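Peer 1: Dumping the structure here so I can ask a few things about it.
The values are calculated or read from the model by the stated rules, or taken from the named source; none is laboratory data. What you see is a predicted model, and the numbers here were worked out from it, not measured in a lab. Heads up, the Cβs are rebuilt from the backbone with ideal geometry, glycines too, and the neighbour counts pull from every protein chain shown. Note: accessible area is taken over every heavy atom of the protein model, side chains too, but ligands, DNA and RNA are not part of it. Shrake-Rupley method; radii C 1.70, N 1.55, O 1.52, S 1.80 Å.
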2 protein chains.
Amino acid sequence: MSVLRTAVSSLGVLEPEINKDSKNHAIRILGILPSVLGFWENKRGIYSQEIPIGSTEGTIAGYLLHAITGNRPTEVNRRTLDKSLILYAEHEYAASTYAARVCASTLADYYSCITTGIGTISGPLNGGANEEAIKLLLSFKDADEAERVIRQRLQEKELIMGFGHAVYADFDPRSVVIKEQALEIARNQTKFKNLYDIAEAIEHVMWEKTLFPNLDFYTAAVYHMMDINPSLFTPIFVISRSCGWAAHIMEQRETNKLVRPTAKYIGPKKRKYIPISERT
Amino acid sequence: MSVLRTAVSSLGVLEPEINKDSKNHAIRILGILPSVLGFWENKRGIYSQEIPIGSTEGTIAGYLLHAITGNRPTEVNRRTLDKSLILYAEHEYAASTYAARVCASTLADYYSCITTGIGTISGPLNGGANEEAIKLLLSFKDADEAERVIRQRLQEKELIMGFGHAVYADFDPRSVVIKEQALEIARNQTKFKNLYDIAEAIEHVMWEKTLFPNLDFYTAAVYHMMDINPSLFTPIFVISRSCGWAAHIMEQRETNKLVRPTAKYIGPKKRKYIPISERT
């Protein structure tokens, strides 16, 4: 995350925003971030292959999968990541989007706004839920064990990652789309059938408590099936969400008003000044 | 601005925040930014001298002046910048501070929060007023001309930079302190007496409209008298404000609640999906 944040911030030094042409900057950032992520993964030696400069992949999803896994993606994986990127692209006033708009409201440049978005999304309360969800999914050997353990944890009032959402009361409509993709991959590659069954078993237990899987839950399963390292789950979210931020920055700029709340001081009343040398 | 932003973001890659020890990170950033600014100015060739590595200046104000001007500061200049840094250090919910708190509310790391603050303060509606103020001050040859022209502009309802403040209704208490320093420098160096007189003449005309100078107005004069390039006015503000952000980040972390507003959708109702190939 800090690498993506620094890449966008550096880009703002190298190619400063001269005219406020948000759309071009949005496309530029969307084009660059998959390469940044691929290079960084490679540099860290997780994948030994060279980064595919001049990859013939014709979509962002395809190129991103090629860059981070080092392998040309299958058609189903390419289509799955494409759908995932669309699902994550925008979600009204998430904290990161809101922070990006506060930044835009000062008429700051485009790169400052996106840097702000990335910095804010890096917090575990904004992004990061899908990393936790995959840990949960991989901790069970089969659907029976998952069902038994989750039921037990619910009795002990433990928090189960990947369920419920502040915005949705009954279900997360995005979740349906990505669950279909999980099923499609699991059907194609039987080694993933068990993981899919575990996910579905957990979902069914959670339904009894009227808790529904959010987008992150089946996305975690799907990303794992596509051989994506969990540390890249949130960075991929960033690449997708950079589109939503773009839309919000444009909207903010069109009818701008500075976001400048006032604070209510509730601290101590006026105190006597004590020189620093005399303080205990 | 984008250099400071990138420096802090990079530092977050090189020295990630492992434990949430905000105070140490705040001190680290405060220690590094004056050097970053000095090196960048030097690299750009504005000052020909070498950057004083191992400067014997014992204060941040002294070292900062040494680093950016290339010369050891006088005692009065050192004290003046010190006061200026204190005055700029904190100002409740400025947009940049608020954005930094939104970032902190997701439990993002310290470097993300400060990067967000810098990105947001870079907008002309948050920082940047003192750069405009010095342009105004230097545009007059003497106090008489300043008085005449400002009076005329007021009649034409033009906006005069450096006056009024969203938070203060009658006067900006910080302004008094920095005006005293402007007077002290002007008394020591007679070549600046004219600039001081111009500033005071403008202030008196503005009083007639019950508009008072804000902190940026005399600060601009003072920074000019200290041989500071106007392009560094806002970056110096950032170095100072990093302390205020630190306090807010700590406060946010102590009793955290995610800042996540909801949006009211007022756009078009449900529309028919048209495949992209069929759109006109």
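Peer 1: Report yes if residue A:228 is free of Cβ contacts under 8 Å to residues at least 40 places away in the same chain, in a loop (DSSP other than H, G, I, E, B) and not basic (Lys, Arg), otherwise no.
Peer 2: no
Peer 1: Criterion first (under 19 Å from residue B:83 (Cα atoms) and open to solvent by 70 Å² or more (accessible area, probe 1.4 Å)) does residue B:217 satisfy it?
Peer 2: In short, no.
Peer 1: If residue B:15 meets every condition in (1) more than 14 Å from every other protein chain (Cβ to nearest Cβ); (2) at pLDDT 90 or above apart from one, which number is that one?
Peer 2: Against the list (1) more than 14 Å from every other protein chain (Cβ to nearest Cβ); (2) at pLDDT 90 or above, residue B:15 comes up short only on (1).
Peer 1: Next question, about the same structure. Quick check on my filter: what residues within region B:18-37 are part of a loop (DSSP other than H, G, I, E, B) and away from chain A (no Cβ under 12 Å)?
Peer 2: B:18, B:19, B:21
Peer 1: Now a separate question. Checking residue B:75 against (1) more than 24 Å from residue B:217 (Cβ to Cβ); (2) in contact with a helix residue (DSSP H, G or I) (Cβ under 8 Å, 6 or more places away or on another chain), which single condition isn't satisfied?
Peer 2: (2)
Peer 1: Looking only at region B:56-85, count every residue that is modelled with pLDDT under 95 and among the small types (Gly, Ala, Ser) and tell me the total.
Peer 2: 3
Peer 1: Which one of the conditions (1) in contact with a Pro (Cβ under 7 Å, 6 or more places away or on another chain); (2) crowded, with 22+ Cβ neighbours inside 10 Å; (3) not small (Gly, Ala, Ser) does residue A:203 fail to meet, given that it meets all the rest?
Peer 2: (2) is the only condition that residue A:203 fails.
Peer 1: On to the next question. The conditions are (1) within 12 Å of chain A (Cβ to nearest Cβ); (2) open to solvent by 40 Å² or more (accessible area, probe 1.4 Å); (3) in a loop (DSSP other than H, G, I, E, B), and residue B:270 fails exactly one of them. Which is it?
Peer 2: Looking at each condition in turn, residue B:270 falls short on (1).
Peer 1: Also, quick follow-up: When the residues of region A:153-172 are narrowed to those that are charged (D, E, K, R) and part of a loop (DSSP other than H, G, I, E, B), which ends up most open to solvent (accessible area, probe 1.4 Å)?
Peer 2: Ranking the candidates gives A:157 first.
Peer 1: Please verify whether residue A:249 is under 27 Å from residue A:139 (Cβ atoms), open to solvent by less than 100 Å² (accessible area, probe 1.4 Å) and part of a helix (DSSP H, G or I), treating the condition exactly as stated.
Peer 2: Considered against the rule, which asks whether it is under 27 Å from residue A:139 (Cβ atoms), open to solvent by less than 100 Å² (accessible area, probe 1.4 Å) and part of a helix (DSSP H, G or I), residue A:249 comes out as no.
Peer 1: A further question on this structure: Can residue B:233 be described as closer than 21 Å to residue B:164 by Cα, within 14 Å of another protein chain (Cβ to nearest Cβ) and either outside any helix (DSSP H, G or I) or not basic (Lys, Arg) (or both)?
Peer 2: Here the answer is no, as residue B:233 does not meet what is asked.
Peer 1: Is it true that some residue in region B:175-187 is outside any helix (DSSP H, G or I) and surrounded by 15 or more Cβ atoms within 10 Å (Cβ to Cβ)?
Peer 2: no
Peer 1: Of all the residues that make up region A:252-267, how many are within 23 Å of residue A:106 (Cβ to Cβ) and open to solvent by 100 Å² or more (accessible area, probe 1.4 Å)?
Peer 2: Within region A:252-267, residues that are within 23 Å of residue A:106 (Cβ to Cβ) and open to solvent by 100 Å² or more (accessible area, probe 1.4 Å) number 5.
Peer 1: Another question about this same structure. Among the residues of region B:232-241, is any surrounded by fewer than 16 Cβ atoms within 10 Å (Cβ to Cβ) and in contact with an Asp or Glu (Cβ under 8 Å, 6 or more places away or on another chain)?
Peer 2: no
Peer 1: Mind checking whether some residue in region A:172-180 is within 14 Å of chain B (Cβ to nearest Cβ) and under 19 Å from residue A:208 (Cα atoms)?
Peer 2: Looking for residues that are within 14 Å of chain B (Cβ to nearest Cβ) and under 19 Å from residue A:208 (Cα atoms), one finds at least one in region A:172-180, hence yes.
Conditions (1) among the hydrophobic types (A, V, I, L, M, F, W, C); (2) outside the structural domain of residue B:97 (by TED's automatic domain parsing), marked per residue:
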{"residue": "B:172", "(1), (2)": "no, yes"}
{"residue": "B:180", "(1), (2)": "no, yes"}
{"residue": "B:187", "(1), (2)": "no, yes"}
{"residue": "B:190", "(1), (2)": "no, yes"}
{"residue": "B:195", "(1), (2)": "yes, yes"}
{"residue": "B:204", "(1), (2)": "no, yes"}
{"residue": "B:210", "(1), (2)": "no, yes"}
{"residue": "B:218", "(1), (2)": "no, yes"}
{"residue": "B:238", "(1), (2)": "yes, no"}
